[in-house]
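Any read-out appearing in this document is the output of simple, stated calculations on the displayed coordinates, not a laboratory observation. Not measured: the values here are computed from a predicted model. Note: ideal-geometry Cβ built from the backbone for every residue, glycine included; neighbour counts use all protein chains shown.
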Amino acid sequence: MTIFALDLNDSGLRLFRDLEVAAESPGFAIVTQSQLLLGDAARREFRLHPRQANNQFWHRLSMDPLAMRGPNVANHADLVYRHLKELLDEAAFESDDELILAVAGTTTSDQLGLLLGVAQELNTPITGLVDSAVAASIAHPVPNRSVHIDVSLHCATLTTMEADTELARRSTADVAELGLSSLLDAWVNVIADRFVTETRFDPLRIAETEQQLYDRIYLWAEEGAHLAELTIEIEHQGSVRRTGVSAKALVEKARLRYRLLDRVLDEGTSCILSHRAAKLPGLSEYLLASGHAVTQLEPNDVIAGIRRHLDLIRSGADALRFVTRLPCATGTDAPASSLPRAAPTHVVFDGVGIAIGDGLTLTAQTFADRELGPEFPDGQIQLLNTTEGLVVRARSGTDLRLNDDPPDALEERRALRRGDVLRIGEHALLLIRVDDGA
């Protein structure tokens, strides 16, 4: 018997076996009278078949009928059934295995009930149900009050948590305009306008070229949006059209939506970003510039939290409870897994990411046209990859701080982590990690 865990987020559902992702698939579907495509296969044809396309079925989990019916598929719940079955089959889930669900706190009781019914139809025992924000955040030191931010296809979910001896969910809220689909639409429109201006060709008027454009932007966002300049090529009828756009222009477009967070975040909020939210270009920098503290989570933090508190989360199919609080970590607690905390790979300033490689000396011109100014300590700060991880070296007297910690905090820290902020005078440089194939 194996205990699996499903991180239920339709931007990329992840089914874990132990600490490894056994199956992963985004919540896209193409439904025709004779065929059903799901996941990445559907995403790659999503703009080619707009009338048959659906990426709302997890978000709107219900018995609402589909506009286009397919083989044994008539409503949103049917699509959830087929998609979940595909994930379970890919992960080699067997009849005596168990499944724990990590879901957003905004999931309604009706949706949970319907999902449990789908699992029952699949003969899949659900033996645990936990708030994904609490599970992912639990292994990290957290302040008395924090807000976890996650992003799915159609909204961002903000989960307010309080910590004492336990980390407990207090409230949740959705921001619809910060869904990944809305952000992709905004970025695509920026680039489409650039194509029209420079080549007099509108890629959004033809399904095939629209799909090419969305594929390129989707990949850019999935890879962490670390390129300073994005070159887009569109092929149509033997001709190739090309344009370029700066990452800064795309970040500026996203910031118009990030400002919506100002309405729901109190001043100086401690924000905990899921690995999905951490990849959104410019979001961490926007929050930092707005006076908030930022912690970036790793992709496997949710499964690490589940494994750590498995006895508290696992409740059995006959007495299932929704776990929304877990004991806080203490200094003597063992980590949930032996997974290493991966070192940052890039340093970001004003929407431009620079690869660190084996080492990087920071100068006033490191970030191309985003000059740091004459007051920047030119060449006096180095980032170095060592056997202990990524470290920073600075000449004596350099105005350098880590996050919002006192100046001597850098001397106590052996290695820098993803999400750390190097504060050099008035400048804030964010450390991120970009994984190949992310």
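Kindly provide log₁₀ I(q)/I(0) values, in the same order as q = 0.08, 0.19 Å⁻¹, from the Debye equation applied to equal alpha-carbon scatterers of the stretch 143-296.
Those come out to -0.28, -1.10, one per q.
Give me the net charge for the shell around V323: Cβ to Cβ below 10 angstrom, other residues only, Lys and Arg +1, Asp and Glu -1.
On the way: positive: R169, R314, R321, R325; negative: D131.
My count for the surroundings of V323 gives +3.
Any idea what the alpha-carbon Rg over 2.2 N^0.38 Å comes to for the stretch 117-190?
Numbers: Rg = 16.2 Å, N = 74, 2.2 N^0.38 = 11.3 Å.
Taking the Cα Rg and dividing by 2.2 N^0.38 Å, one obtains 1.43.
Would you work out the relative contact order for the chain, in percent, from Cα pairs under 8 angstrom that are 6 or more residues apart? Kindly include the intermediate steps, with their values, before the conclusion.
Values: 858 pairs, mean separation 57.5, N = 438.
Across the chain, relative contact order equals 13 percent.
Mean separation of Cα pairs under 8 Å and 6+ residues apart, divided by the residue count of the stretch 200-244: what relative contact order is that in percent?
On the way: 30 pairs, mean separation 13.6, N = 45.
It rounds to 30 percent for the stretch 200-244.
From Cα pairs below 8 angstrom and at least 6 apart in sequence, can you work out the relative contact order of the stretch 143-296, rounded to a whole percent?
Numbers: 245 pairs, mean separation 35.3, N = 154.
Relative contact order here is 23 percent.
Taking 0.36 nm per intervening residue step and subtracting the Cα-Cα distance, what contour gain separates D404 from R255 on full extension?
Details: separation 149, 0.36 × 149 = 53.64 nm, distance 2.30 nm.
Residue separation times 0.36 nm, minus the Cα-Cα distance, leaves 51.3 nm.
What FRET efficiency do you get for S171 and S62 if R0 is 22 Å and r is their Cβ-Cβ distance, rounded to the nearest 0.05? Please report the intermediate quantities before stating the final value.
On the way: r = 24 Å, r/R0 = 1.08.
My answer for the efficiency is 0.40.
For the peptides 137-143, 229-235, 376-382, what is the packing order when you average, over each peptide's residues, the other Cβ atoms within 10 Å and list the highest mean first?
Numbers: 137-143: 19.9, 229-235: 15.0, 376-382: 16.7.
For the peptides 137-143, 229-235, 376-382, the packing ranking is 137-143, 376-382, 229-235.
So if R0 is 25 Å, what FRET efficiency would T387 and T363 give, r being the distance between their Cβ atoms, rounded to the nearest 0.05? Could you put the intermediate results ahead of the total?
Working: r = 26 Å, r/R0 = 1.04.
Efficiency, from the Cβ-Cβ distance: 0.45.
Which value in deg cm²/dmol, rounded to the nearest 500, describes the helix-derived mean residue ellipticity at 222 nm for the chain, given -39,500 (n - 2.57) per DSSP H run of n ≥ 4 and division by the residue count? Write out the running numbers ahead of the final one.
Numbers: 12 runs with 113 residues, N = 438.
One gets -7500 deg cm²/dmol as the mean residue ellipticity at 222 nm.
Treating the beta-carbon of each Lys and Arg as +1 and of each Asp and Glu as -1, no other charges, what is the dipole magnitude of the chain about its Cα centre, to the nearest 20 debye?
Numbers: 43 positive and 64 negative charges, 126 e Å.
That gives a dipole near 600 debye.
Please work out the FRET efficiency for the pair H236 and A415, using the Cβ-Cβ distance as r and a Förster radius of 51 Å; give the result to the nearest 0.05. Could the numbers behind the result be given before it?
Numbers: r = 48 Å, r/R0 = 0.95.
Calculated transfer efficiency: 0.60.
Report the extension gain between A228 and A289 in nm, rounded to one decimal, defined as 0.36 nm multiplied by the number of residues separating them, less their alpha carbon distance. Don't skip to the end; give the middle numbers.
On the way: separation 61, 0.36 × 61 = 21.96 nm, distance 1.99 nm.
Roughly 20.0 nm would be gained on extension.
Quick one: 3J(HN,Hα) in Hz for the stretch 245-254, Karplus 6.51/-1.76/1.60 with θ = phi - 60°, rounded, Gly and Pro as x.
Values per residue, Gly and Pro as x: 9, 7, 4, 4, 5, 6, 5, 4, 5, 5 Hz.
Between R51 and E198, 0.36 nm times their residue separation minus their Cα-Cα distance comes to what? It would help to have the intermediate numbers written out before the result.
Numbers: separation 147, 0.36 × 147 = 52.92 nm, distance 3.06 nm.
Taking R51 through E198 to full extension adds about 49.9 nm, to one decimal.
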